[in-house]
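The values are calculated or read from the model by the stated rules, or taken from the named source; none is laboratory data. Bear in mind that the values here come from a model prediction, so they are computed numbers and not experimental data. Cβ coordinates were reconstructed from backbone atoms using ideal geometry, including for glycine residues, and neighbour counts include every protein chain displayed. For the accessible areas, the whole protein counts, side chains as well, though only heavy atoms, and no ligand, DNA or RNA atoms are used. Shrake-Rupley method; radii C 1.70, N 1.55, O 1.52, S 1.80 Å.
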Amino acid sequence: PGRAKRVLLSQLLQPLNLQGEAGEPGSPGEPTCRSQKLMLQGGLLHPSSPGCYHYMPPTVRAMEKLVKVMDEEMRAVGGQKLNMPSLSSAELWRASGRWDRMGPELFRLADRHGKDYCLAPTHEEAVTELVASQINLSYKQLPLRLYQITRKFRDEPKPRFGLLRSREFYMKDMYTFDTSEEAARQTYDLVCDAYRSLFDRLGLPFVKVRAATGSIGGTVSHEFQLPADVGEDRLVLCPEGHFAANVETLNEEQKSCPTCGEKLTQTKGIEVGHTFYLGTKYSSVSNAVFYSPENKPQLAEMGCYGLGVTRILAASIEVLSTEDSIRWPSLIAPYQLCFIPPKKGSKEEEEGAVLLERVYEDLAEALPHLAGDSVLDDRTQMTIGKRLKDANKLGYPYVVIAGKRVCEDPPVFEVWNQNTGEVLFLTKEGVIELLSKVQVL
């Protein structure tokens with residue numbers, strides 16, 4: 001018990017279409033992008049209905065790892081994790097004015113008693129009502145930093161680009177409650193720093209830009225963007241790094257950096273995170289108050305902070321991958337390791353398979369955290385070259401091959417480091433030493 005069962009590639013629910021025989025994924029005329037094409041070809045996604053997908057087992061593994069990183073960063077800033085209902089009462093949304101303001105983007109439904117609901121795209125109203133229901137909340141209990149990682153819904157008019165613009169998606173949303181504007185702005189900086197830390201750990205090249213507050217509201221807002229040609233946001237950046245903004249926040253005349261006067265450059269980006277300082281916009285509607293040291297009720301100052309979980313998965317593939325091969329942030333690759341035994345009928349077959357088995361067992365003993373993060377490509381009717389090509393396309397960070405040199409004394413294994421493109425020839429001890437540096441969540 002407790003030992004990870006060996007994962008065989010032939011048994012994974014991952015319908016590979018690595019040749020792309022089906023042509024362009026999606027419906028005729030649907031625009032596609034690199035991440036959508038690679039995720040469909042690699043069997044990571046399966047379309048269900050427009051803008052909705054089945055996430056296949058390897059994708060769920062990557063997502064669970066990403067959630068772990070988010071949990072670590074949110075806990076580090078005092079986050080408490082909760083879970084709020086997806087089904088949200090229209091009364092809450094009407095009280096804040098967003099039932100009408102959100103327009104057709106809200107998925108709306110009525111229950112059998114004729115009560116109106118929506119499938120929540122975000123939870124400002126719900127969390128504020130929850131905090132307002134805590135009567136006798138003291139200033140000593142603040143700040144409150146509450147977050148969840150759940151499915152969200154929006155009725156996209158034109159879902160496209162796979163998980164980059166879908167109708168059902170996963171999001172990490174945090175809502176903070178502070179005693180003063182000053183304290184709320186300190187929280188704002190703290191959470192922005194946690195987002196920086198998250199993207200740095202994933203090795204993603206992000207920019208933080210000034211942004212519009214949109215339907216969520218508030219007075220200060222920033223987006224975390226991954227620069228990419230397929231991005232739907234237009235950004236302007238100071239070449240010296242003094243200024244960055246979404247063009248929707250600028251007037252037409254602004255062409256140079258307000259700090260240094262340098263000409264602003266334009267790029268496109270994929271929004272993967274968004275932060276808002278809300279003030280008392282929602283707490284005043286629900287009367288979310290705390291009691292001050294003088295025992296006077298005061299409205300809590302709020303902020304809200306979103307990270308697109310499934311969008312980060314797709315966007316990271318978009319910006320790190322080549323045209324035909326997935327590259328994951330190493331920390332969240334579904335599997336860290338792929339083992340490739342010799343081809344059936346080859347002269348290395350018998351001895352190579354036994355030796356590779358031994359490497360796996362010794363590795364599981366020396367580095368137990370890697371045992372459950374390994375896949376054995378048991379499609380031995382295929383050549384090693386073909387399986388290596390598939391492993392390269394699927395983006396395993398490391399591939400260990402029992403090739404021609406496995407029958408030498410001592411046996412030598414071919415090890416591919418996919419992220420650096422480096423190929424090493426190592427003994428069993430060398431393989432274990434190399435892999436001891438791999439980080440697994």
When LEU278 is run through (1) among the hydrophobic types (A, V, I, L, M, F, W, C); (2) out of contact with any Lys or Arg (no Cβ under 6 Å at 6 or more places or on another chain); (3) farther than 17 Å from TYR175 by Cα, the failure sits at (3)
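When segment 105-121 is examined, which residues are found to be of a type in the set (Gly, Ala, Ser) and farther than 21 Å from GLN148 by Cβ?
Here is the first cut: in segment 105-121, the residues of a type in the set (Gly, Ala, Ser) are 110, 114, 120.
Matches in segment 105-121: ALA110, GLY114.
Looking at segment 103-130, which of its residues are part of a loop (DSSP other than H, G, I, E, B) and open to solvent by less than 20 Å² (accessible area, probe 1.4 Å)? Give the derivation first.
Let us first name the residues in segment 103-130 that are part of a loop (DSSP other than H, G, I, E, B), namely 106, 111-115, 120-123.
Hits for segment 103-130 are LEU106, ALA120, PRO121, THR122, HIS123.
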Just checking, does segment 263-275 include any residue being touching a residue at least 24 places away in the same chain (Cβ under 8 Å), within 30 Å of PRO143 (Cβ to Cβ) and outside any strand (DSSP E or B)? no
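Pick from segment 337-366 the residues that are of a type in the set (Gly, Ala, Ser) and farther than 23 Å from ASN417 by Cβ: which of them is most open to solvent (accessible area, probe 1.4 Å)?
Keep residues of segment 337-366 that are of a type in the set (Gly, Ala, Ser), which gives 345-346, 352-353, 364, 366.
Going one step further and asking which of them are farther than 23 Å from ASN417 by Cβ, we end up with 345-346, 353.
Numbers: GLY345: 70, SER346: 34, ALA353: 47 Å².
For segment 337-366, the residue satisfying everything is GLY345.
Could you check segment 224-242 and list, in sequence order, the residues that are open to solvent by 20 Å² or more (accessible area, probe 1.4 Å) and in a loop (DSSP other than H, G, I, E, B)? Spell out the reasoning first.
Going residue by residue through segment 224-242, those that are open to solvent by 20 Å² or more (accessible area, probe 1.4 Å) are 227, 229-230, 232-234, 237, 239-242.
Result: ASP229, VAL230, GLU232, PRO239, GLU240, GLY241, HIS242.
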The residue that is surrounded by the fewest Cβ atoms within 10 Å (Cβ to Cβ), considering only those in segment 400-418 that are more than 16 Å from PRO342 (Cα to Cα) and touching a strand residue (DSSP E or B) at 6+ places or on another chain (Cβ under 9 Å), is ASN417
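Going residue by residue through segment 53-65, is there one that turns out to be open to solvent by 70 Å² or more (accessible area, probe 1.4 Å) and either touching a residue at least 12 places away in the same chain (Cβ under 8 Å) or among the hydrophobic types (A, V, I, L, M, F, W, C) (or both)? Let's see the steps before the verdict.
Residues of segment 53-65 open to solvent by 70 Å² or more (accessible area, probe 1.4 Å): 54, 64.
Within this subset, residues satisfying the condition of being either touching a residue at least 12 places away in the same chain (Cβ under 8 Å) or among the hydrophobic types (A, V, I, L, M, F, W, C) (or both) are none.
Among the residues of segment 53-65, not one is open to solvent by 70 Å² or more (accessible area, probe 1.4 Å) and either touching a residue at least 12 places away in the same chain (Cβ under 8 Å) or among the hydrophobic types (A, V, I, L, M, F, W, C) (or both), which makes the answer no.
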When PHE290 is run through (1) of a type in the set (Phe, Trp, Tyr); (2) over 30 Å from LEU18 (Cα atoms); (3) under 25 Å from the mean Cα position of the chain (by Cα), the failure sits at (3)
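Report yes if ALA371 is small (Gly, Ala, Ser), modelled with pLDDT of 95 or more and under 23 Å from PRO58 (Cβ atoms), otherwise no.
Numbers: small (Gly, Ala, Ser): yes; modelled with pLDDT of 95 or more: no; under 23 Å from PRO58 (Cβ atoms): yes.
Considered against the rule, which asks whether it is small (Gly, Ala, Ser), modelled with pLDDT of 95 or more and under 23 Å from PRO58 (Cβ atoms), ALA371 comes out as no.
Report yes if THR383 is under 27 Å from the mean Cα position of the chain (by Cα), β-branched (Val, Ile, Thr) and surrounded by fewer than 21 Cβ atoms within 10 Å (Cβ to Cβ), otherwise no. Give the steps one after another, and end with the answer.
On the way: under 27 Å from the mean Cα position of the chain (by Cα): no; β-branched (Val, Ile, Thr): yes; surrounded by fewer than 21 Cβ atoms within 10 Å (Cβ to Cβ): yes.
Spelling it out, it is not the case that THR383 is under 27 Å from the mean Cα position of the chain (by Cα), β-branched (Val, Ile, Thr) and surrounded by fewer than 21 Cβ atoms within 10 Å (Cβ to Cβ).
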The lone condition LEU370 fails out of (1) outside the structural domain of VAL191 (by the TED database); (2) part of a helix (DSSP H, G or I); (3) open to solvent by 50 Å² or more (accessible area, probe 1.4 Å) is (3)
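Scan segment 256-275 for residues that are acidic (Asp, Glu) and touching a Lys or Arg at 6+ places or on another chain (Cβ under 7 Å) and report the count. Talk me through it step by step, then tell me what you get.
So in segment 256-275, the residues acidic (Asp, Glu) come out as 262, 271.
Among the residues that remain, those that are also touching a Lys or Arg at 6+ places or on another chain (Cβ under 7 Å) are: none.
Selection size over segment 256-275: 0.
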Surrounded by fewer than 15 Cβ atoms within 10 Å (Cβ to Cβ) and within 30 Å of TRP99 (Cα to Cα), is that true of ALA245? no
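Counting just the residues of segment 256-284 that are open to solvent by 30 Å² or more (accessible area, probe 1.4 Å) and small (Gly, Ala, Ser), which one comes out modelled with the highest pLDDT?
As a first pass, look at segment 256-284 and keep what is open to solvent by 30 Å² or more (accessible area, probe 1.4 Å): 256, 258-263, 265-268, 271, 280-281, 284.
Still in the list and also small (Gly, Ala, Ser): 256, 261, 284.
Numbers: SER256: 91, GLY261: 92, SER284: 96.
So, considering only residues that are open to solvent by 30 Å² or more (accessible area, probe 1.4 Å) and small (Gly, Ala, Ser), the one modelled with the highest pLDDT is SER284.
Residues checked against (1) open to solvent by 10 Å² or more (accessible area, probe 1.4 Å); (2) not in a loop (DSSP other than H, G, I, E, B):
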position: ASN295; (1), (2): yes, no
position: GLN298; (1), (2): yes, yes
position: LEU307; (1), (2): no, yes
position: ARG311; (1), (2): yes, yes
position: ALA314; (1), (2): no, yes
position: VAL319; (1), (2): yes, yes
position: ILE326; (1), (2): no, no
position: TYR335; (1), (2): yes, no
Residues in segment 18-47 that are modelled with pLDDT of 65 or more and surrounded by 13 or more Cβ atoms within 10 Å (Cβ to Cβ) total 17
